[in-house]
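For reference, the structure discussed in these notes is given below.
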Amino acid sequence: MAVVGIVPAAGSGERLGADGPKAFALCGGRPLLEWSLEVLEAACDRVVVAVPAGYEQGPDRVRGGACRSASVREALLAAPEATVAVVHDAARPLVTRELVERCVAALEEGFDGAIAAAPVVDTIKEAGADRRVRRTLDRSLLWAIQTPQAFRADVLRRALDVDAATLAAATDDAALVEAAGGSVRVVEAPAENIKVTRPVDLALAEALLRRRTEA
Ligand code: CTP
Ligand code: MG
């Protein structure tokens, strides 16, 4: 089994609004990407990172694509030896080795994908464009999906072999695997595994990382 980490880090980080690409913005004194990379490198045989144009220097760096899943596809193409692919966003610096390993282990139950997720704590309603509420969903069945997401690599390769519009519409890779008929299970993850999207998330991530090193 060759477990390869795939880190999409090629986004521009519009919503964070830093000077440069989000993955290279400082978080707790080091580039955001490095927190995830350190954890993935410990848990995987190799890690390939999809980076923005101009950041390709160094081994195992490939230029990302036009959307997140296109970046995942580019990175996976550079890892033909992978039998298991662990996709993890550079934007989630609080990932742990234990969580990566639990996702990989869950694949052995016979699933094509095993994805980190936290039970939803808010009440979720569906509303129309006019803001009129249509229905309230049964929260006990809802999960907020995160990364890491572990996949049988051959299944993920096939799922990513779709047109650009389908890739762009996917908000995670598991959705593409599901659409291709693959079986995916959730792996309960801590809510602490937040995604840095806006400036407030960066401040929260820094506080959580500080708390971890002080513990
Ligand atoms: N990503 C990528 N390639 C893209 C777009 C996004 O590799 N073309 C990566 C980001 O670098 C990030 C992850 O996918 O690690 C999740 O995306 P998101 O949080 O949306 O990051 P950005 O797209 O950079 O941010 P924004 O949407 O605010 O511009
Ligand atoms: Mg984005």
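Things to note:
- Which listed residue is in contact with a strand residue (DSSP E or B) (Cβ under 7 Å, 6 or more places away or on another chain), assigned to a helix (DSSP H, G or I) and of a type outside the set (Asp, Glu), from Val49, Val100, Val86, Val95: Val100
- Candidate set: segment 107-134, residues that are in contact (Cβ under 8 Å) with a residue 24 or more places away in the chain and surrounded by fewer than 19 Cβ atoms within 10 Å (Cβ to Cβ); chosen: the one farthest from Glu206 (Cα to Cα): Gly110
- Qualifying residue in segment 106-113 (condition: within 16 Å of ligand 2 (Cβ to nearest atom), in a loop (DSSP other than H, G, I, E, B), in contact with a Lys or Arg (Cβ under 9 Å, 6 or more places away or on another chain) and not hydrophobic (A, V, I, L, M, F, W, C)): no
- Residue selected from segment 55-73 under the condition within 12 Å of ligand 1 (Cβ to nearest atom) and part of a loop (DSSP other than H, G, I, E, B), by the criterion most open to solvent (accessible area, probe 1.4 Å): Ala66
- Top-ranked residue of segment 17-46 - restricted to ones that are of a type in the set (A, V, I, L, M, F, W, C) and not in a helix (DSSP H, G or I), ranked as nearest to Val162 (Cα to Cα): Cys44
- Test: residue in segment 5-19 that is away from ligand 2 (no atom under 15 Å from the Cβ), open to solvent by 60 Å² or more (accessible area, probe 1.4 Å) and touching a strand residue (DSSP E or B) at 6+ places or on another chain (Cβ under 7 Å): no
- Scanning segment 36-54 for residues that are surrounded by fewer than 20 Cβ atoms within 10 Å (Cβ to Cβ) and within 12 Å of ligand 1 (Cβ to nearest atom) yields Pro52, Ala53.
- Candidate set from segment 161-185 (those that are part of a loop (DSSP other than H, G, I, E, B) and charged (D, E, K, R)); member that is farthest from Gly110 (Cα to Cα): Asp163
The values are calculated or read from the model by the stated rules, or taken from the named source; none is laboratory data. Everything numeric in this text was worked out from a predicted model, so none of it was measured. Every residue, glycine among them, receives a Cβ derived from its backbone with ideal geometry; neighbour counts consider all protein chains shown. For accessibility, only protein heavy atoms count, side chains too; no ligands or nucleic acids. Shrake-Rupley method; radii C 1.70, N 1.55, O 1.52, S 1.80 Å.
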